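A short worksheet on the structure shown next.
The values are calculated or read from the model by the stated rules, or taken from the named source; none is laboratory data. Fair warning: this is a prediction, and the values are worked out from it, not measured in the lab. Cβ sites come from the backbone with ideal geometry, for glycine too, and all protein chains shown count toward neighbours. Heads up: the accessible areas ignore ligands, DNA and RNA and are worked out on the full protein's heavy atoms, side chains in. Shrake-Rupley method; radii C 1.70, N 1.55, O 1.52, S 1.80 Å.
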Amino acid sequence: MSAVPLLKVSDVSKFYGSRIGCRNVSFELYPGEVLAIVGESGSGKTTLLSCLSTRLMPTSGVVEYHMRDGQYRDLARMSEAERRFLMRTDWGFVHQNPADGLRMTVSAGANVGERLMAVGDRHYGNIRAAAGDWLRRVEIEEDRIDDQPRAFSGGMRQRLQIARNLVTSPRLVFMDEPTGGLDVSVQARLLDLVRGLVHDLGLAAVIVTHDLAVARLLSHRMMVMKDGAVIEQGLTDRVLDDPREPYTQLLVSSILQV
Amino acid sequence: MNDLANYNFAYLDEQTKRMIRRAILKAIAIPGYQVPFASREMPMPYGWGTGGVQVTASILGPSDVLKVIDQGADDTTNAVSIRAFFQKVANVAVTTRTADATIIQTRHRIPEEKLGEGQTLVYQVPIPEPLRFLEPRETETRKMHALEEYGLMHVKLYEDIARNGHIATTYAYPVKVEGRYVMDPSPTPKFDNPKMHMSEALQLFGAGREKRIYAVPPYTEVVSLDFEDHPFEVQKFDRPCALCGAENVYLDEVVLDDKGGRMFVCSDTDHCEDRRAHGHAGAMLAPAAKESQEAAE
Ligand SMILES: Nc1ncnc2c1ncn2[C@@H]1O[C@H](COP(=O)(O)OP(=O)(O)O)[C@@H](O)[C@H]1O
Ligand SMILES: [Mg+2]
């Protein structure tokens with residue numbers, strides 16, 4: 001891992017009126033590092049992820065990103081055009097519900113090719129070849145390239161959403177409960193795929209999950225949230241095998257009982 | 001008191017015309033940008049060209065000569081009733097001859113005869129937003145225009161090629177105006193797209209139901225979107241007009257009888273008649289002309 005963080009998060013809080021979304025969150029994320037954010041429903045995971053990925057403006061605090069030109073930029077001070085450009089080139093965002101991240105009425109090939117076209121690729125043959133290549137990498141038969149995701153199973157849709165995000169070789173991917181809506185057997189296959197891709201591509205990722213098994217399998221480091229605050233963070237194996245906070249101990253033990 | 005006294009000149013009141021003219025001026029200043037305007041109720045249903053009619057009403061002066069076409073023809077119901085409307089409410093001269101007109105209101109076609117400086121083409125537009133097909137949210141499409149995010153237009157063309165092996169869009173083929181805004185040229189055939197490029201005439205687009213006006217000023221770059229390996233092409237017809245023998249014009253298919261007989265003729269009726277008046281004859285007309293000549297002898 002490189003010595004310079006990709007993302008620097010300092011004292012980020014988000015209030016919905018007087019209600020706390022998340023508060024005083026600080027951490028750094030390095031290139032190639034996978035961070036899991038865990039916690040029960042309502043603990044502020046999605047709010048934090050939204051603040052990191054510019055989908056929400058934090059009420060206070062700063063999120064800085066290490067741009068490809070080597071400069072750190074305060075995301076809140078970027079223009080909307082710059083932020084949107086970043087989101088469709090250097091970043092990916094995988095939604096829990098694939099329909100939120102896919103265009104359900106255009107073909108799988110066009111779903112994957114859209115980002116290439118958005119950054120100016122104007123060669124149909126090349127776009128199609130790249131789409132086919134990515135379908136293969138996410139284990140979708142290449143002859144489904146002209147089918148719409150409406151005709152796909154939940155697991156395939158999620159893999160297609162991942163391909164669509166990775167085609168521009170982003171450096172950072174945000175995922176919100178990526179296996180949330182899937183059957184257990186389908187989850188396992190998707191987790192294997194994500195783990196392989198993250199490793200092969202050297203991706204940094206922030207993955208929100210309420211499932212500690214997902215955190216165990218995918219992440220290097222994890223943060224445990226409760227009532228909007230990070231109550232414990234550390235290397236994933238350390239947190240899961242030797243939880244220090246009573247709340248984390250409860251989480252881990254309740255999982256082990258299942 | 002005659003009929004005309006019941007209306008302000010060209011039907012709309014002067015305040016409304018000023019509002020629409022401001023929208024038109026803004027549209028001309030930002031080629032291809034859709035300017036919102038307060039579209040008025042017109043004495044005809046939406047889909048009958050209420051946007052085009054309001055634009056025409058706002059730019060029309062007593063000395064103008066008006067031509068109205070629908071699918072290239074001056075004698076279809078829509079064209080006849082709009083022409084009659086302006087004769088009644090503005091008492092302007094009307095014509096079917098492209099070269100004589102100062103304002104041409106159109107649905108579907110750009111005349112074959114090259115338009116010149118001083119002429120204005122007014123398009124009736126049903127759906128002004130080219131991104132609507134893939135992005136139904138207006139807030140999002142406006143943002144995409146503002147930020148010049150046009151990848152989605154190519155997604156549409158990609159789908160076309162994936163499905164048909166080539167770009168099968170033949171009408172309302174999207175263009176980029178002056179290197180900036182992507183624009184829907186209204187339901188004209190793509191055959192007419194090249195005529196928009198560097199046109200000497202002013203082109204105004206009115207969408208009544210959607211309350212939008214946009215414009216292409218004279219001598220403006222209008223480029224049809226495409227892929228490097230699937231370049232834009234206009235429709236080609238493998239035969240000339242059956243009536244006037246014209247080539248490189250847009251042809252309509254006309255069914256002649258119930259035995260499968262058919263012919264292809266100019267969609268621009270004025271262009272066709274003009275050519276025939278100058279002695280040109282196509283395959284269908286040539287024998288008929290000969291017959292009538294023989295009968296006269
Ligand atoms: N748009 C919103 N408006 C008001 N309160 C919200 C909104 N979104 C989330 N919250 C509240 O913020 C807290 C954290 O929610 P969220 O970030 O969705 O948690 P999680 O993703 O961990 O389930 C909860 O109390 C939730 O009710
Ligand atoms: Mg959530």
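By what distance, in whole Å, do the Cα atoms of the stretch B:236-285 stretch along each of the three principal axes, largest value first?
32, 22, 16
Multiply the residue separation of B:D229 and B:H278 by 0.36 nm, subtract the distance between their alpha-carbon atoms, and state the gained length in nm to one decimal.
13.4 nm is the gain from fully extending B:D229 to B:H278.
Chains B and A: what accessible area do they bury, summed, in square angstrom to the nearest 100, with a 1.4 Å probe?
1800 Å²
With every protein chain present, what accessible area does B:T106 have (1.4 Å probe, heavy atoms only), rounded to the nearest 10 Å²?
For B:T106, solvent-accessible area is about 0 Å².
Can you give the helix-only mean residue ellipticity at 222 nm for chain A, where every DSSP H stretch with n ≥ 4 adds -39500 (n - 2.57) and the sum goes over all residues, rounded to the nearest 500 deg cm²/dmol?
Result for chain A: -12000 deg cm²/dmol, rounded to the nearest 500.
At a 1.4 Å probe radius, carbon and sulfur cover how many percent of the accessible area of the protein assembly as shown?
50 percent
Just the accessible area per residue of the stretch B:150-191, please: how many Å² with a 1.4 Å probe?
29 Å²
Counting only residues 5 or more places away or on other chains, whose amide H sits under 5 Å from the amide H of B:F227 once H atoms are built in the peptide plane?
Placed amide hydrogens put B:F232 under 5 Å from B:F227.
Might you tell me the accessible area per residue for chain A, computed with a 1.4 Å probe and given in Å²?
44 Å²
Check B:A93: other-chain or 5+ apart residues with amide H under 5 Å from its amide H, H built from backbone geometry?
Under 5 Å from the amide H of B:A93 lie the amide H atoms of B:L66, each far enough along the sequence or on another chain.
How high is the relative contact order of chain A? Use alpha-carbon pairs under 8 Å, at least six apart in sequence, and give a whole percent.
26 percent
Going by the alpha-carbon gyration tensor, a ≥ b ≥ c the square roots of its eigenvalues, is the stretch B:142-297 rounded (a/c under 1.5) or, if a/c is not under 1.5, prolate (a/b greater than b/c) versus oblate?
prolate
Under the Karplus relation 6.51 cos²θ - 1.76 cosθ + 1.60, θ = phi - 60°, what is the ordered set of whole-Hz ³J(HN,Hα) values for the stretch A:244-253, x standing for Gly and Pro?
Result, ordered by residue: 9, 6, x, 5, 5, 4, 5, 4, 5, 5 Hz.
Under the Karplus relation 6.51 cos²θ - 1.76 cosθ + 1.60, θ = phi - 60°, what is the ordered set of whole-Hz ³J(HN,Hα) values for the stretch A:226-231, x standing for Gly and Pro?
8, 6, x, 10, 7, 9
Name the most mobile residue of B:M198, B:M263, B:M153, meaning the one with the largest mean-square fluctuation, in a Gaussian network model of chain B with Cα contacts below 10 Å.
Its mean-square fluctuation being the largest, the pick is B:M263.
Given the options B:V234, B:G179, B:Y33, identify the residue whose Cα lies farthest towards the positive end of the charge dipole of the protein assembly as shown (+1 on Cβ of Lys, Arg; -1 on Cβ of Asp, Glu).
After comparing all options, I get B:Y33.
What accessible area per residue, rounded to a whole number of Å², is obtained for the stretch B:236-285 using a probe radius of 1.4 Å?
Per residue, the stretch B:236-285 has an accessible area of 61 Å².
Please give the residues from the stretch A:82-116 for which the solvent-accessible area of heavy atoms, probe 1.4 Å, is smaller by at least 50 Å² with all protein chains in place than with the chain isolated.
SASA drop of 50 Å² or more in the stretch A:82-116: A:R84, A:R103.
Say each of B:V80 and A:S253 gets a label point 7 Å from the Cα, pointing the same way as Cα to Cβ; how far apart are those two points in nm?
Placing both labels 7 Å beyond Cα along the Cβ direction yields 9.0 nm.
Most fluctuating residue of B:L147, B:L204, B:L131 in a GNM of chain B with Cα springs under 10 Å: which is it?
With Cα springs under 10 Å in chain B, the top fluctuation among B:L147, B:L204, B:L131 is at B:L147.
Starting from the amide H of B:Q119, placed 1.01 Å from N in the peptide plane, find each other amide H under 5 Å away whose residue is 5 or more places distant or on another chain.
Amide H neighbours of B:Q119: B:L202.
What are the lysines whose alpha-carbon lies under 24 Å from the alpha-carbon of B:K195, with same-chain residues fewer than 8 places away excluded?
B:K26, B:K67, B:K114, B:K156, B:K176, B:K236
Using Stokes-Einstein with the Kirkwood hydrodynamic radius over Cα pairs, what translational diffusion coefficient do you get for chain A at 37 °C and a viscosity of 0.692 mPa s, in µm²/s rounded to a whole number?
Answer from the Stokes-Einstein relation: 174 µm²/s.
If you plug each phi of the stretch B:131-148 into the Karplus form 6.51 cos²θ - 1.76 cosθ + 1.60 with θ = phi - 60°, what whole-Hz ³J(HN,Hα) values come out, in order, with x for Gly and Pro?
Those phi angles translate into 8, 4, 3, 10, 9, x, 7, 4, 4, 6, 5, 5, 5, 4, 5, 4, 9, 6 Hz.
For the stretch B:236-285, what relative contact order do you get, as a whole percent, if you take Cα pairs closer than 8 Å and at least 6 residues apart?
Relative CO of the stretch B:236-285 lands at 44 percent.
What base-10 log of the normalised intensity I(q)/I(0) is obtained for the protein assembly as shown from the Debye formula, alpha carbons as equal point scatterers, at q = 0.13 Å⁻¹?
Result of the Debye calculation: -1.21.
Could you calculate the contour length gain from B:R21 to B:I127, that is, 0.36 nm times the residue separation minus the distance between their Cα atoms, to one decimal place in nm?
Between B:R21 and B:I127, full extension yields an extra 36.1 nm.
Given a Förster radius of 30 Å and the C-beta distance between B:Y171 and A:E82 as r, what FRET efficiency does 1/(1 + (r/R0)^6) yield to the nearest 0.05?
Calculated value: 0.25.
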